[in-house]
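Q: Structure incoming, see below.
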Amino acid sequence: MLVNLQVPWVILGHSERRALLNESNDFVADKVAYALAQGLKVIACIGETLEQREAGTTMEVVSAQTKAIAEKISDWTNFLLAYEPVWAIGTGKVASPAQAQEVHDGLRKWLHANVGPAVAESTRIIYGGSVNGANCKQLAAQPDLDGFLVGGASLKPEFVDIIKSATVKSSS
Ligand SMILES: O=C(CO)COP(=O)(O)O
């Protein structure tokens, strides 16, 4: 349907679908592979719950979510990862720049070790979860944050500031 409507991008694996519709890591990975095969570009969401973060299993959780996808795709050109801590989505609780950077860096290292250096370097890893006009610049300045997946703030005038923050790294 998206292809027929000439919609180029699809978001898969959002935490709400994982939680409410019980979409497993394998099921999300199958959808990612299918969408890519249909010529769609894919934003695949991964992220830990508050309980998982507090239990110290964040990297384990996001690595397993990424691994399931890596096992099913070979061409990473039209694929990007969105790290969305579940506890930060729509809650007003944003991950600190250091927390976000730590996970993005871990994901890039995981890609480097398990897929290869070229994919690790070229795959964009974006952050989502309570991004707003006030916190976007500090987040965007983190070396391994390559953009944002914005929910609530995309409906507000401050969205302009979030878009502008894309230039933070290149202008520093
Ligand atoms: O994933 C998101 C929306 O689905 C992020 O939403 P918020 O930016 O409102 O937290």
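Q: Mind scanning K67/K156; K93/K137; K72/K164; K31/K169; K41/K137; K31/K109 and naming the pairs with a C-alpha gap bigger than 28 Å?
A: From the list (K67/K156; K93/K137; K72/K164; K31/K169; K41/K137; K31/K109), the Cα-Cα distance tops 28 Å for K67/K156; K72/K164; K31/K169.
Q: Further question on the same structure: Grab every C-alpha pair in region 11-77, bin the distances at 5 angstrom width from 0 up to the longest one, and report whole percents.
A: Reading upward from the zero bin: 3, 18, 28, 24, 15, 7, 3, 1.
Q: Viscosity 0.692 mPa s, temperature 37 °C: give me the Stokes-Einstein translational D for region 1-44 in µm²/s, with Rh taken as the Kirkwood radius over C-alpha pairs.
A: Stokes-Einstein gives a translational diffusion coefficient of 307 µm²/s.
Q: Can you put H14, H112 in order of Cβ neighbours within 10 angstrom, beginning with the fewest?
A: Least to most surrounded, the residues fall as H112, H14.
Q: So for M59, M1, fewest C-beta neighbours within 10 Å to most, what's the order?
A: Fewest-to-most ranking of M59, M1: M1, M59.
Q: Given that compact globular proteins tend to follow 2.2 N^0.38 Å, what is the ratio of the alpha-carbon Rg of the chain to that value?
A: Dividing the Cα radius of gyration by 2.2 N^0.38 Å gives 0.99.
Q: Just want the ordering: Y83, Y127, Y34, from fewest to most Cβ atoms lying within 10 Å of their own Cβ.
A: With the fewest neighbours first, Y83, Y127, Y34 line up as Y34, Y83, Y127.
Read the figures in this text as sums done on the coordinates, not as results from a lab. Note that the coordinates shown come from a computational prediction; the quantities given were computed from them, not determined experimentally. Virtual Cβ from ideal backbone geometry, glycine too; neighbours counted across all protein chains shown.
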